[in-house]
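Asks: Take this structure, written in structure tokens, and hold onto it; I'll ask about it next.
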Amino acid sequence: MKEAERAIIGTREAPAKHRSKTGLERLQAFSLLLALCPALASCSGSQSALDPAGEEASQVAILFWVMVAGGSMAWAIVVALSLYAARWKRKTISEQAAGRVILWGGAIFPAVVLTALLAYALWLMPSLRPFTRQENPDLRIEVVGHQFWWHVVYHRADGTQVISANEVRIPVGKRVEFALASADMIHSFWIPALGGKMDLVPGRVNRLSLLATRPGIYRGQCAEFCGTSHALMAFPALAMEVAEFEAWLDQRLLASAGISAAEAGRKAFLREGCGDCHRVDGTEARGASGPDLSHIGSRLTIGAGQLKNEDGNLARFISYSSSVKPGSHMPAYPKLSRDDLSSIAAWLGGLK
Ligand code: CUA
């Protein structure tokens, strides 16, 4: 009797065990979906190539989805055929038929699909390439990569220029040409939301053309390993309405002409030798090995996208630059007196 009971319990246990296995499988599938969530979350945001805000970025995004669709279709067909062959197709096929399957499925089909995808990608290339010299950009921006910051110069058609650093602003709906160079290593200029990336190579000038279609604050990032703080070499990229952009640029030109030379912070800045590496319009500070600080008070970030430009972060960067950006050439100034530090930070913060 007990044997029979055990047998019954045993047979009852078996389906129970089977059920729990299905539950485990469900849990695994759910965990996989959860694990995929962060990947999906990165499809939008200020640094996503899949959330385009520029003409070139839109083309890149469309190319991506066409490639995904093409690849998924090929994958689905292969999986369906494998299942069919493994589960339902029980008969053997002749050698001749097998040869035909290999010819069509293994050679002709992939060749056609890959040729079509390649042709589409090549067709997009002329518009992704920087424009030729005959075309006139509305604005030219020169960017020079340094370890680990960006020197930025706006060249207007009337010959005036505004020097800035670690931030890029462009007018929406206008074609902007970037002239990209490097002072030391190979860097790569990339604003995923606006377009593809372009390397900054020492000894040559590469050109990149971008056209923003949607105003906003996006994030650019160095995309080529260039040393210890490569990952900390970012910058805000602002796409502004044309009138707003022009007003901002005019304001910078006016501010450069009228910077007061009386503040204690300015004196301390020059006394400490900061001007040997940094340039500030309207002062003797003419250094070029560090970022231009003429309008640093108006920038969104400090240290190439590392700190928000607020709440004493300027003073923090001056005192501890090497811990904010390991490997950067700027020495830390932990011994600067409290008065000098705060007056330099206040003076710089006032440079709008
Ligand atoms: Cu500059 Cu990586």
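Asks: Round to the nearest 0.05 the FRET efficiency obtained for W65 and D276 when R0 = 56 Å and r is the Cβ-Cβ distance. Provide the component values of the computation, followed by the final result.
Replies: Values: r = 51 Å, r/R0 = 0.90.
Computed FRET efficiency for W65 and D276 comes out at 0.65.
Asks: Next question, about the same structure. Could you list the residues of the range 303-341 with an amide nitrogen less than 19 Å from a label point located 7 Å from the Cα of Q251 in the Cα-to-C-beta direction?
Replies: Counting backbone N atoms under 19 Å from the label point, the list is 308-311.
Asks: Using the beta-carbon distance between W88 and L124 and R0 = 41 Å, what value does 1/(1 + (r/R0)^6) give for FRET efficiency, to the nearest 0.05? Intermediate results must be reported in sequence, preceding the final value.
Replies: Details: r = 41 Å, r/R0 = 1.00.
Computed FRET efficiency for W88 and L124: 0.50.
Asks: Per residue, what accessible area does the range 154-242 have, given a 1.4 Å probe and all protein chains present, in Å²?
Replies: 36 Å²
Asks: Using a 1.4 Å probe on the protein heavy atoms, what percent of the accessible area of the range 264-349 belongs to carbon and sulfur?
Replies: Looking at the range 264-349 in its full context, I get 52 percent from C and S.
Asks: If a/c stays under 1.5 just call it rounded; otherwise compare a/b with b/c (prolate if a/b is bigger, oblate if not). Do that for the range 264-349, with a ≥ b ≥ c from the square roots of the Cα gyration tensor eigenvalues.
Replies: Judged from the Cα gyration tensor, the range 264-349 comes out rounded (a/c under 1.5).
Asks: Using a 1.4 Å probe and counting only protein heavy atoms, arrange L254, L300 so the residue with the most accessible area comes first.
Replies: If we order L254, L300 from most to least accessible, we get L254, L300.
Asks: Before I look further, what does the range 264-349 give for accessible area per residue, probe 1.4 Å, in whole square angstrom?
Replies: So the range 264-349 comes to 48 Å² accessible per residue, rounded to a whole number.
Asks: Place +1 on the Cβ of every Lys and Arg and -1 on the Cβ of every Asp and Glu in the range 44-121, take the dipole about the Cα centre, and give the residue among V66, A121, A86 whose Cα lies farthest towards its positive end.
Replies: Most positive-ward Cα: A86.
Asks: Expressed as a whole percentage, what fraction of the accessible surface of the range 60-193 belongs to carbon and sulfur atoms when a 1.4 Å probe is rolled over the protein heavy atoms? Present the calculation step by step, with values, prior to reporting the outcome.
Replies: Values: 5430 of 8000 Å².
Carbon-and-sulfur percentage of accessible area, whole number: 68.
The values are calculated or read from the model by the stated rules, or taken from the named source; none is laboratory data. Everything quoted here is computed from the prediction, not taken from an experiment. Cβ: placed from backbone, ideal geometry, glycine included. Neighbour counts: every protein chain shown. Accessible surface is based on the protein model in full, side chains and every heavy atom, while ligands, DNA and RNA are left aside. Shrake-Rupley method; radii C 1.70, N 1.55, O 1.52, S 1.80 Å.
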